[in-house]
Structures are given as structure tokens and as C-alpha cells.
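Any read-out appearing in this document is the output of simple, stated calculations on the displayed coordinates, not a laboratory observation. It should be emphasised that the depicted structure is a prediction, and the values quoted were computed from it without experimental measurement.
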Amino acid sequence: LPGLFRGCQFHIFGNPRRYQVPGCATKDLMERLIKLGEGQLLSREPNIDSWKLNPVLPYYATRDSASGREFAECGQFLVYMPGERMPPKRVFDSPVNFITPMWFLDSISKFELVHPDTRPVFNPSSSW
């Protein structure tokens with residue numbers, strides 16, 4: 001079977017020391033699991049313009065029957081820590097999928113790309 005994260009591009013945003021889900025999800029561990037799951041690590045925040053030129057969708061994208069929206073209209077994911085600094089507004093205005101370390105672990109434990117509970121709200125005072 002293809003890896004869970006095939007067709008997914010991830011950027012882990014912010015301070016690596018903040019990624020401490022008790023007992024498991026450090027930034028280093030997430031990076032290793034992304035690679036093992038055939039995902040691609042981005043060294044900078046997602047660039048939606050380059051993605052439009054060469055769109056890649058997650059192999060295991062599912063359809064959300066509640067909203068009728070394709071979960072992965074974009075295969076780029078930005079991992080963030082709730083309550084920490086957020087990326088610039090231009091990233092919020094794109095279809096990038098915002099996920100938390102807990103989403104990441106939930107997806108692995110279920111071997112499916114689960115839907116994020118909510119999309120964070122842009123707050124200019126907490127962005128870079």
C-alpha cells in the first residue's frame with residue numbers, strides 16, 4: 001500500500017521546541033513519520049502559486065459527506081501549535097490545510113487523513 005502521506009506536502013511552522021505533545025509528537029518525530037509515510041517536508045511555508053502549477057493531491061484524500069467538500073483540494077499541510085504565532089495572512093487566504101500535532105497523530109492511528117476540527121482564525125497580532 002502507498003504511504004499515508006503520499007501526495008502530501010508538510011511544513012511544520014514555528015518554534016520546534018513548542019511541538020511537545022506529552023510523550024510523543026516532537027518536531028523530529030513528526031518529520032520522521034512524514035518521510036516514512038511518503039510525505040514531503042517543506043523547509044518554508046507552503047507557496048500556493050507553485051502548487052497551482054504542479055498540483056499534487058493526497059493519495060488517501062476522502063470526501064466529507066457532511067459538507068460535500070473535497071477534504072484535500074490542496075495537498076499542502078501546515079502544522080501549527082494552537083495558541084502560538086501564526087503564519088502570514090497570505091497563507092490563511094490559500095487553501096492550505098491547517099493541522100495540529102494531534103491531528104497528525106490521530107491520522108496515523110486511524111491510517112486515514114481525518115478532517116481537522118476547525119480552521120484557525122487569522123489574528124494579525126499573532127502572525128509574523
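Out of residues 5 or more away from G75 or on other chains, whose amide H comes under 5 Å of its own, with H placed 1.01 Å from N in the peptide plane?
V56
For I99, which sequence-distant residues (separation of 5 or more, or a different chain) have an amide H within less than 5 Å of its own amide H, given hydrogens modelled in the peptide plane?
L78, V79, Y80
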